[in-house]
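What follows is a short report on a single structure.
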Amino acid sequence: MILELQDVSTFYGRIEVLKKVSLYLEEGEIVTIIGANGAGKTTLLKTISGILHPKTGRIFLQKEGIERYSPDRIVKLGISHCPEGRRIFHTLSVLENLRLGAFTRKLIKDELEEIFHLFPILKERMKQKGGTLSGGEQQMLAIARALMSKPKVLLLDEPSLGLAPKMVEKIFETIQQINKEGVSILLVEQNANLALQIAKKGYVLETGKVVLCDNCSNLIKNEEVKSAYLGG
Ligand code: ATP
């Protein structure tokens, strides 16, 4: 097991947004979290990456308890978070954005080569300002930046959001390629159809609680999942 959450509860003020969430990710797996708007998916990723701290419960990266660590310490240990809404720096170039993702490391030449192998378009756009990229290219840059810290675990928040179907397909192919190269992935998605196709295991989150966990091949056939998340 590479990542494990045990009974994690996270609050905004007095409101309990994650309610005793337990889940785990085996090394080399893609695991998806599906759920409606406001179910707590983003809060879950923020809690793992140290932006938020749980009030109770434990989070382990391999055997190390990380739930009180700062975000930069968590990045250094090997968890990288690609946030919802592709928060790239619009006024910085593609290359400068990528350099920022490598803040934990000095030598970035090899990483850059790997990144440009995965995303050839970013090499072409290297000197262009982030804000002038298309939505899909910005999403690629956001994922690429998250990879620059050489994570063991990649947290992906809604990578398909607002993108045209063709671009979504491309992003999902790349996610699978990143996974094949050895990165374990926790994927939060509203597009449950796609997420369940590429992930091995899935969790359904409803109002902060895990209500279902199964292999994706079973979830796709589950009547409740079908009617709530797969459009019938
Ligand atoms: P979405 O897909 O819309 O991003 P989500 O499943 O990621 O939804 P979260 O963003 O984690 O959901 O939000 C979970 C709940 O916490 C929601 O009810 C939301 O209104 C609330 N919430 C989120 N951020 C804050 C905040 N900073 N302060 C107070 N409440 C918040």
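The values are calculated or read from the model by the stated rules, or taken from the named source; none is laboratory data. Computed from a predicted structure; not experimentally measured. Here Cβ is always computed from backbone atoms with ideal geometry, including for glycine, and neighbour counts include all displayed protein chains.
A quick yes/no check of all residues on (1) under 12 Å from the mean Cα position of the chain (by Cα); (2) of a type in the set (S, T, N, Q); (3) within 16 Å of the ligand (Cβ to nearest atom); (4) under 16 Å from Arg87 (Cα atoms):
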{"position": "Phe116", "(1), (2), (3), (4)": "no, no, no, no"}
{"position": "Arg125", "(1), (2), (3), (4)": "no, no, no, no"}
{"position": "Leu147", "(1), (2), (3), (4)": "yes, no, no, yes"}
{"position": "Gly162", "(1), (2), (3), (4)": "no, no, yes, yes"}
{"position": "Ser184", "(1), (2), (3), (4)": "yes, yes, no, no"}
{"position": "Leu187", "(1), (2), (3), (4)": "yes, no, yes, no"}
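Scanning region 61-96 for residues that are over 17 Å from the mean Cα position of the chain (by Cα), of a type outside the set (Ser, Thr, Tyr) and farther than 26 Å from Gln190 by Cβ yields Gln62, Lys63, Glu64, Gly65, Ile66, Glu67, Arg68, Arg73, Leu92, Val94, Leu95, Glu96.
Here is the figure for region 73-89: residues that are closer than 15 Å to Leu154 by Cβ, within 16 Å of the ligand (Cβ to nearest atom) and part of a loop (DSSP other than H, G, I, E, B) total 3. Taking residues in region 26-40 that are among the acidic types (Asp, Glu), and partners anywhere that are assigned to a strand (DSSP E or B), the pairs with Cβ atoms closer than 8 Å and at least 6 places apart or on different chains are Glu26/Ser184; Glu27/Ser184; Glu29/Ser184; Glu29/Ile185; Glu29/Lys201.
Checked against (1) surrounded by 19 or more Cβ atoms within 10 Å (Cβ to Cβ); (2) small (Gly, Ala, Ser); (3) outside any helix (DSSP H, G or I), Gly38 passes all but condition (1).
Within region 202-225, the set of residues being crowded, with 20+ Cβ neighbours inside 10 Å, within 10 Å of Val31 (Cβ to Cβ) and away from the ligand (no atom under 16 Å from the Cβ) comprises Cys216 only. Only one entry of Ala146, Ala164 meets the criterion of being surrounded by 16 or more Cβ atoms within 10 Å (Cβ to Cβ) and among the aliphatic types (A, V, I, L, M), and that entry is Ala146.
Screening the candidates Lys76, Lys109, Lys63, Lys41 for the property of being out of contact with any Pro (no Cβ under 7 Å at 6 or more places or on another chain), under 21 Å from Lys20 (Cβ atoms) and not hydrophobic (A, V, I, L, M, F, W, C) yields one hit, Lys41. At least 3 residues being without any contact (Cβ under 8 Å) to a residue 12 or more places away in the chain is the threshold, and among the helices (runs of 4 or more DSSP H) wholly inside region 123-232 those reaching it are 165-180, 223-229. Of all residues in region 1-58, those being away from the ligand (no atom under 14 Å from the Cβ), of a type in the set (Lys, Arg) and under 14 Å from Leu205 (Cα atoms) number 1. When you check Ser70 against the structure, is it in contact with a strand residue (DSSP E or B) (Cβ under 6 Å, 6 or more places away or on another chain) and either more than 13 Å from the ligand (Cβ to nearest atom) or farther than 18 Å from Gly202 by Cα (or both), yes or no? In short, no.
From the list Leu155, Leu141, the one residue that fits, being out of contact with any Gly (no Cβ under 8 Å at 6 or more places or on another chain) and within 18 Å of Ile185 (Cα to Cα), is Leu155.
For the structure I just gave you, tell me whether Lys152 is basic (Lys, Arg) and at pLDDT 95 or above.
yes
The single residue among Val17, Val21 that is modelled with pLDDT of 95 or more, surrounded by fewer than 22 Cβ atoms within 10 Å (Cβ to Cβ), β-branched (Val, Ile, Thr) and part of a strand (DSSP E or B) turns out to be Val17. Just to be sure, is Val210 hydrophobic (A, V, I, L, M, F, W, C) and over 16 Å from the mean Cα position of the chain (by Cα)? Judged against the criteria, Val210 is a match.
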